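Participant: Please find one structure pasted underneath; my questions will follow.
The values are calculated or read from the model by the stated rules, or taken from the named source; none is laboratory data. All values derive from a computational prediction rather than experimental measurement. Backbone-built Cβ (ideal geometry, glycine too); neighbour counts: all protein chains shown.
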Amino acid sequence: MTDQASMKAQCSAPGARLLDARPVWLPTLAALCCAVLTAMLGQWQWHKAELKTALRAGYDRSASLPALAWGEVAALGEAALYRRVRLTGEFAAGYQILLDNRVLHGQAGYHVVVPMRLAGGAAVLVNRGWQAVGDRSRLPVVGTPAGRQTVEGLLVHARSRYLELAAGAESGPVWQNLDLDRFRTWFGGDLSDWLLLQTPSASADGLVRDWPAPDIGVARHRSYAVQWFSMSGLSVGLWLYFVVLKRWSAR
C-alpha cells in the first residue's frame, strides 16, 4: 500500500507543479472582464425591456383617453401616438389602394387605405380595415363613402414598418406596401405623416377592423438579457472549475 501511494504521489506531483507554475491572474482577469461585461449587457437589455414596458402601458392609457380633434394633434406631437383621434372630411376615392398580403387570423387579405381631405387642405391617410382575398383574378369591390364623413381611430406613424416599400413594387390599385413619399407624389397634396387606423363603426361596409396591439419588443429584450446573464454565470463557472477546482484537485 505504501509503495502504491508513493507511486501515485510521484505521478501527480508533476501535474500539480505544472498547474502551480501557470499564472492565476491571467485567466482570473479574463473571466472577470467577461463576467462583468456580459452582466452589464444583460442589465442594459433588461433596462430597455422595463422602459418599453412603461411605454406600452402609456400607449394603453392613451388609447383609453377621449378622442382628439385633428387640430390638437400638432400641439401634442409624438404624444399623440396611439391616441384616439376623430377626423371629419371627405375621402379621396380615386386614391384608394389595397395593400396586399395582410394576414388576419391565418387568412390572407388586403388593407384598404385612402386619404381623407380635411378642412384647410390637409389630408390624412386612413386605413379603413381588412378585406379578405377571394378570387385572385378579380379584385374585391370596396366602396368608398361619399360626401362629408366623420371617422375615429388610433393614430400611428404612416412610415411604420409594414408601410415600407421597395421601388416599383406597386401595380394599379394593389400595392405590396406603401411608400409615403411616392404616395405624396401621386396624390399631389399636403399629406400628413400620420395614419389613422379606423376603429369599428356602425357602417356595414364589411371591413374588419381588428388591430393588434403594437409589438415593441419587450419579450425580445428580456430574452437577450437572460442570454447575457447566462454568459456571465458561465464565465464565473468556468473560472471556478479550471482555476480553483482543478488546482485543488491536483494538489
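Participant: State which residue is farthest from Gly94 (Cα to Cα) when the search covers only region 155-187 and only residues that are part of a helix (DSSP H, G or I), among the aromatic types (Phe, Trp, Tyr) and at pLDDT 80 or above.
Facilitator: Applying the first criterion (part of a helix (DSSP H, G or I)) to region 155-187 yields 161-163, 180-187.
With the extra rule that they be among the aromatic types (Phe, Trp, Tyr), the set shrinks to 162, 183, 186-187.
Now restrict to residues that are at pLDDT 80 or above: 183, 186-187.
Numbers: Phe183: 13, Trp186: 11, Phe187: 9 Å.
So, considering only residues that are part of a helix (DSSP H, G or I), among the aromatic types (Phe, Trp, Tyr) and at pLDDT 80 or above, the one farthest from Gly94 (Cα to Cα) is Phe183.
Participant: Another one. If you take the residues in region 121-142 that are among the small types (Gly, Ala, Ser) and exposed (fewer than 10 other Cβ atoms within 10 Å of the Cβ), which one is modelled with the lowest pLDDT?
Facilitator: The first filter runs over region 121-142 and keeps only residues among the small types (Gly, Ala, Ser), leaving 121-123, 129, 132, 134, 137.
Remaining after also requiring exposed (fewer than 10 other Cβ atoms within 10 Å of the Cβ): 121, 137.
On the way: Gly121: 83, Ser137: 77.
That would be Ser137.
Participant: Give Leu154, Leu104, Leu98 a once-over and let me know the one that is in contact with a Pro (Cβ under 6 Å, 6 or more places away or on another chain) and either in the same structural domain as Val208 (by TED's automatic domain parsing) or under 20 Å from Arg209 (Cα atoms) (or both). I'd like the intermediate steps shown before the answer.
Facilitator: On the way: Leu154 fails: in contact with a Pro (Cβ under 6 Å, 6 or more places away or on another chain); Leu104 fails: in contact with a Pro (Cβ under 6 Å, 6 or more places away or on another chain).
Going through Leu154, Leu104, Leu98 in turn, just one is in contact with a Pro (Cβ under 6 Å, 6 or more places away or on another chain) and either in the same structural domain as Val208 (by TED's automatic domain parsing) or under 20 Å from Arg209 (Cα atoms) (or both): Leu98.
Participant: Out of Arg184, Arg220, I need the residue that is under 19 Å from Lys52 (Cβ atoms), basic (Lys, Arg), without any contact (Cβ under 8 Å) to a residue 40 or more places away in the chain and surrounded by 13 or more Cβ atoms within 10 Å (Cβ to Cβ). Which one?
Facilitator: Within the list Arg184, Arg220, the selection yields Arg220.
Participant: Could you count how many residues in region 131-145 are in contact (Cβ under 8 Å) with a residue 12 or more places away in the chain, farther than 10 Å from Gly206 by Cβ and of a type outside the set (A, V, I, L, M)?
Facilitator: Initial filter on region 131-145 (in contact (Cβ under 8 Å) with a residue 12 or more places away in the chain): 131-133, 139-140, 142-145.
Among the residues that remain, those that are also farther than 10 Å from Gly206 by Cβ are: 133, 139, 144-145.
Narrowing the set further to residues that are of a type outside the set (A, V, I, L, M) leaves 144-145.
Residues meeting the conditions: 2.
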